[in-house]
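Encoded as structure tokens, the structure appears first; notes follow it.
What follows is calculated from the coordinates using simple rules that are stated; it is not laboratory data. Quick caveat, the model's predicted, so the values are computed rather than measured. Virtual Cβ from ideal backbone geometry, glycine too; neighbours counted across all protein chains shown.
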Amino acid sequence: SPLLNVMTAAALKAAKGLIRDFGELEQLQVSKKGPADYVSRADRRAEEIVAGELQRARPAYGLLMEEAGTVVGSDTSNRWIIDPLDGTTNFLHGIPHFSISIALERDSELYAGVIYNPVSDEMYVAERGTGAFLNGRRIRVSARRKLQESLFATGIPFMGIPDHQLLLRQLERVMATTSGVRRYGSAALDLAYVAAGRYDGYWENGLNPWDIAAGIVLVREAGGFVTDLAGGRGMLKGAGILATNTGLHEDLLALVRPSAITAATGSS
Ligand code: IPD
Ligand code: CA
Ligand code: CA
Ligand code: CA
């Protein structure tokens, strides 16, 4: 569709810069946003390219971006949500697992999402009501229904973010009952992998809208189900995220929801 073409063109253009910078990591000016939360010139340059391309194509739309913040548009029903480089820690360590994530929110609902991994050249796209695609081929969530046979992903919060105890308890419960847990370091790709049926589910505590907005559209359009960690709809409000192939949703939610964990351990 014209909309997805605009989004994929912006991602591809920014990806060229990222690949160039990935080859010359010493040249990047890196600074800290928090104790282990880094940002580099690559993040900022990619964001400028994505925002510039999207604004050229749809001048009235608003933007929400990780690095530059918010731009209010004259068209208040459409807003881009952009993570120009998801997986900055991987990127800065030379680990080839990172992505560009672009979502469109329309009338306060997530409407379209594009996630691009420039190293593997995998382009994931989804627009509401039309399915999810990887490099032009339809993707669907997995069909697994048994926790013991299922593979999950999560994320580990940055140093200084007070979720470690919760995550350790969640891991303990998920490790004991499933085929395994992965932590690859890009929330956007974690969601894309759920959409592609590679992971059977993914959860993470906290997160910002730009980490997950595009991925949520992908998982839904691939037949999956997404909630926050209380089973509600607060994913973009920092209430955590749980994305599964739908069939495993209740089972995984029962393992990782904070209320179940505090009840099981008797602590508050
Ligand atoms: C991070 C990644 C990571 C997640 C972190 C995010 P960034 O985004 O998505 O997987 O665990 O919480 O902040 O900073 O690399 O764009
Ligand atoms: Ca970041
Ligand atoms: Ca991110
Ligand atoms: Ca980022």
* Around Val119, which amide H atoms from residues at least 5 apart in sequence, or from another chain, sit under 5 Å from its own amide H, with H modelled in the peptide plane? -> Phe98
* Structure fact -> Taking Lys and Arg as +1 and Asp and Glu as -1, residues besides Lys33 with C-beta under 13 Å from its C-beta add up to -2
* **trypsin sites (Lys or Arg not before Pro) lying in DSSP loop within region 153-231, provided at most 15 other Cβ fall within 10 Å** => Arg183
* **Computed magnitude of the charge dipole of region 1-120 (debye, nearest 20; Cβ of K, R +1, Cβ of D, E -1)** => 260 debye
* Asked: To the nearest 20 debye, what is the magnitude of the charge dipole of region 54-163 about its Cα centre, counting +1 on the Cβ of each Lys and Arg and -1 on the Cβ of each Asp and Glu?
  -> 540 debye
* Asked: Once all Cα-Cα distances of the chain are split into 5 Å bins that start at 0, what whole-number percent is in each one?
  -> 1, 6, 14, 18, 19, 17, 13, 8, 3, 1, 0
* When we measure straight from the Cα of Lys146, which lysines land under 18 angstrom away, once same-chain ones fewer than 8 places off are left out? -> none
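Note down the net charge around Gly234, summing +1 for each Lys or Arg and -1 for each Asp or Glu among other residues with Cβ under 14 Å from its Cβ.
Its environment carries a net charge of +1.
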* Asked: In terms of modelled amide H atoms, which long-range or inter-chain residues lie less than 5 Å from the amide H of Ala153?
  -> Arg182, Gly201, Tyr202, Trp203
* **Charge dipole (the chain, unit charges on Cβ, about Cα centre) - positive-most of Leu28, Phe225, His93** => Phe225
* Taking neighbour counts of Cβ atoms within 10 Å as a proxy for exposure, in what order, fewest first, do Tyr184, Tyr193, Tyr202, Tyr61 appear? -> Tyr184, Tyr61, Tyr193, Tyr202
* **Candidate lysines - alpha carbon under 23 Å from Lys237, same-chain residues fewer than 8 apart omitted** => Lys33
* Between the alpha-carbon centers of region 113-131 and region 181-232, tell me the distance in whole angstrom. => 13 Å
* To do: Quick one: what are the phi-derived ³J(HN,Hα) couplings along region 23-35, Karplus 6.51/-1.76/1.60 with θ = phi - 60°, whole Hz, x for glycine and proline?
  => x, 9, 4, 5, 7, 7, 7, 10, 10, 9, 9, x, x
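What number, rounded to the nearest 500 deg cm²/dmol, is the helix-based mean residue ellipticity at 222 nm of the chain, given -39500 (n - 2.57) per DSSP H run of at least four residues and division by all its residues?
-11000 deg cm²/dmol
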* For the chain, give the magnitude of the charge dipole about the Cα centre (Cβ charges: +1 Lys/Arg, -1 Asp/Glu; no others), in debye to the nearest 20. => 420 debye
* What is the helix-to-structure angle for 41-57, meaning the angle in degrees between its Cα long axis and the longest Cα principal axis of the chain, kept from 0 to 90 and rounded to the nearest 10? -> 70 degrees
* Structure fact -> Residues Thr178, Thr130, Thr8 in order from fewest to most other beta-carbon atoms within 10 Å are Thr130, Thr8, Thr178
* **Listed residues Thr89, Thr154, Thr244, most fluctuating in the chain (Gaussian network, C-alpha, under 10 Å)** => Thr89
* **Rounded D (µm²/s) - region 2-139, Kirkwood Rh over Cα pairs, Stokes-Einstein at 4 °C, 1.567 mPa s** => 85 µm²/s
* Asked: Hey, if you put +1 on the Cβ of every Lys and Arg and -1 on every Asp and Glu Cβ in the chain, which of Ser259, Leu248, Gln170 ends up farthest toward the positive end of that dipole?
  -> Leu248
